[in-house]
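S.K.: The following block contains the structure, expressed as structure tokens.
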Amino acid sequence: MSINSDNFSILRDLPPYVFSVIDEIKYKARKSGEDIIDFGMGNPDQPTPRHIVQKLIESSLEGRNHRYSASAGLPKLKLAITDWYRKNYNVELDSENETIVTIGSKEGVSHLMISMLSPGDVVLVPDPCYPIHSFSVLIARGRIKPFNAINDDTLIDNIEKGFKTSPKPKALIISFPSNPTTQTVELEFFAKIVDLANKYSVIVIHDFAYADLCFDGYKAPSFLQVPGAKDVGVESFSLSKSYNMAGWRVAFMCGNKEVISALRRVKSYLDYGIFQPIQIAAISALNETQECVEQIRNTYSKRRDRLISSLSNMGWEVPPPRATMFVWAKMPEHLRHLGSLEFSKKLIKECKVAVSPGIGFGRNGDQYVRFALIENEHRILQASRSIKKLFSK
């Protein structure tokens with residue numbers, strides 16, 4: 001029998017992964033010995049704080065922690081999550097019914113879509129957005145309805161327009177601070193979202209992955225701070241960026257108990273939870289000193305300032321983001337005709353600098369590229385000198 005993947009309907013629905021084009025060029029360049037300064041993937045370059053690693057080591061030595069764990073998360077970790085929300089956002093949660101631990105935020109959002117959607121159900125998703133926010137809908141056999149998320153001033157209006165269209169969306173996915181656009185909002189924005197969700201009977205999923213990576217005195221609000229938010233939706237948080245724990249794959253989702261219950265039920269069929277020592281280390285991350293979070297935030301702030309000033313010196317003016325570990329840069333006007341993918345290819349081939357093309361995050365991102373702040377300040381300056389040569393041609 002000959003197996004043809006073209007017969008796998010889900011693969012037909014998934015669009016080509018734009019970033020693989022850049023990854024392939026990057027791989028070939030490195031294979032030939034070239035030094036590529038990589039601002040592509042948002043993959044933290046610093047180690048996980050020592051006290052968290054030490055807790056992992058200690059708990060890994062205990063044989064009882066090597067058995068199957070709880071799919072929904074250890075009870076003590078869920079208590080640590082509720083304490084974290086109480087301390088940081090004055091939000092009260094029921095650890096048993098309103099929290100669940102997920103194997104990273106991508107797994108949580110993806111399995112939530114599977115648990116919520118019937119084939120053909122519509123989900124309103126920002127364009128541009130973090131890819132899993134749209135692809136998870138397709139994987140769950142749902143339909144994406146994009147709304148233009150480029151301009152801050154029209155966000156609410158664009159979301160409400162999406163709610164009014166037919167067929168009516170079942171859910172809305174949002175994420176602030178935003179990857180890739182670095183947009184931030186105030187609590188009043190979430191209050192409007194709660195009002196709209198009630199008015200149009202839509203479930204809200206808020207990805208809060210960059211909650212702690214805020215600069216210049218800004219503090220990102222939690223969606224769950226709004227009265228009534230738990231009636232209409234949930235919020236996901238990942239330890240990946242706040243604690244440099246990207247490879248550990250530990251996150252959690254909190255909020256509406258019916259939504260959490262649905263996710264818990266699906267997960268119970270699919271996994272036995274995260275390796276228990278990782279969950280125990282995550283408890284230490286949330287409960288113990290938060291100085292490491294401040295240090296991580298300061299590192300990204302310095303890199304942001306270095307990159308923004310370096311781009312400005314070559315005439316590429318980019319507003320400094322108030323949050324995230326990214327810089328979302330509109331391409332220089334004289335190069336926008338290339339499109340973000342061709343421009344990104346040009347940066348690798350001619351400047352030995354890798355960025356993410358905006359088109360990979362959605363059609364509305366095509367005039368932008370995203371820099372991930374995962375190179376040190378010396379490498380940022382090195383990259384800037386190389387890009388400046390391209391600009392001076």
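The values are calculated or read from the model by the stated rules, or taken from the named source; none is laboratory data. Please read all numbers here as calculations on a predicted model, not as lab measurements. Cβ: placed from backbone, ideal geometry, glycine included. Neighbour counts: every protein chain shown.
S.K.: In the set Lys345, Lys352, which member is in contact with a helix residue (DSSP H, G or I) (Cβ under 9 Å, 6 or more places away or on another chain) and within 19 Å of Met314 (Cα to Cα)? Spell out the reasoning first.
M.R.: Working: Lys345 fails: within 19 Å of Met314 (Cα to Cα).
None of the other options fit; the residue is Lys352.
S.K.: Ok, one more. Can you tell me which residue within region 332-348, out of those that are within 22 Å of Ala149 (Cβ to Cβ) and among the hydrophobic types (A, V, I, L, M, F, W, C), is surrounded by the most Cβ atoms within 10 Å (Cβ to Cβ)?
M.R.: Among those residues, the one meeting the criterion is Phe343.
S.K.: Right, next: So Pro167 fits all but one of (1) modelled with pLDDT of 95 or more; (2) touching a strand residue (DSSP E or B) at 6+ places or on another chain (Cβ under 9 Å); (3) surrounded by fewer than 18 Cβ atoms within 10 Å (Cβ to Cβ); what number is the exception?
M.R.: (1)
S.K.: Just to be sure I understand the filter: pairs with C-beta atoms under 8 Å, separated by 6 or more residues or on different chains, first member in region 103-118 and under 13 Å from Ile274 (Cα atoms), second member basic (Lys, Arg) and surrounded by fewer than 22 Cβ atoms within 10 Å (Cβ to Cβ). Which pairs pass?
M.R.: Ile103/Arg249; Gly104/Arg249; Glu107/Arg249
S.K.: Shifting gears a bit: Residues that are closer than 28 Å to Thr299 by Cβ and either without any contact (Cβ under 8 Å) to a residue 24 or more places away in the chain or touching an Asp or Glu at 6+ places or on another chain (Cβ under 9 Å) (or both): does region 256-267 have at least one? If you could, list the steps in order and put the result at the bottom.
M.R.: Step one: filter region 256-267 for residues closer than 28 Å to Thr299 by Cβ, giving none.
No.
S.K.: Scan (1) crowded, with 20+ Cβ neighbours inside 10 Å; (2) within 29 Å of Gly247 (Cα to Cα) for the single condition Ala197 breaks and write down its number.
M.R.: In the conditions (1) crowded, with 20+ Cβ neighbours inside 10 Å; (2) within 29 Å of Gly247 (Cα to Cα), Ala197 misses (2) alone.
S.K.: I'm trying to understand the selection: among the residues of region 102-137, which are of a type in the set (A, V, I, L, M, F, W, C) and surrounded by fewer than 24 Cβ atoms within 10 Å (Cβ to Cβ)? Steps first, please.
M.R.: Step one: filter region 102-137 for residues of a type in the set (A, V, I, L, M, F, W, C), giving 103, 109, 112-114, 116-117, 122-125, 129, 132, 135, 137.
Passing the criteria: Ile103, Ile114, Met116, Leu117, Val122, Ile132, Phe135.
S.K.: From Ala323, Ala354, which residue is touching a Cys at 6+ places or on another chain (Cβ under 6 Å), in contact (Cβ under 8 Å) with a residue 60 or more places away in the chain, closer than 21 Å to Tyr300 by Cβ and buried (at least 16 other Cβ atoms within 10 Å of the Cβ)?
M.R.: Working: Ala354 fails: touching a Cys at 6+ places or on another chain (Cβ under 6 Å).
Only one candidate qualifies: Ala323.
S.K.: Kindly check whether there is at least one residue in region 85-97 that is in the same structural domain as Asp207 (by TED's automatic domain parsing), closer than 22 Å to Tyr243 by Cα and without any contact (Cβ under 8 Å) to a residue 12 or more places away in the chain.
M.R.: Yes - at least one qualifying residue is present in region 85-97.
S.K.: Ala329 is checked against (1) at pLDDT below 95; (2) among the small types (Gly, Ala, Ser); (3) buried (at least 16 other Cβ atoms within 10 Å of the Cβ) and fails just one. What number does that condition carry?
M.R.: Answer for Ala329: the failing condition is (1).
S.K.: Right, here's the next one. Pick from region 320-376 the residues that are under 21 Å from Cys214 (Cβ atoms) and of a type in the set (A, V, I, L, M): which of them is nearest to the chain's Cα centre (by Cα)?
M.R.: Out of the qualifying residues, it is Met325.
S.K.: Here's something else I'd like to know. Hey, Lys145 hits all of (1) charged (D, E, K, R); (2) at pLDDT 95 or above; (3) surrounded by fewer than 18 Cβ atoms within 10 Å (Cβ to Cβ) but one; which does it fall short on?
M.R.: The single condition Lys145 does not satisfy is (3).
S.K.: I'd like to check something: does region 121-144 contain any residue that is among the basic types (Lys, Arg) and either assigned to a helix (DSSP H, G or I) or closer than 15 Å to Gly362 by Cβ (or both)?
M.R.: Looking through region 121-144, none of the residues is among the basic types (Lys, Arg) and either assigned to a helix (DSSP H, G or I) or closer than 15 Å to Gly362 by Cβ (or both).
S.K.: Hey, among Phe189, Phe252, Phe237, which residue is modelled with pLDDT of 95 or more, part of a helix (DSSP H, G or I) and either of a type outside the set (Ser, Thr, Tyr) or under 30 Å from Pro320 (Cα atoms) (or both)? Please lay out each step first, then the result.
M.R.: On the way: Phe252 fails: part of a helix (DSSP H, G or I); Phe237 fails: part of a helix (DSSP H, G or I).
Checking each option against the conditions leaves just Phe189.
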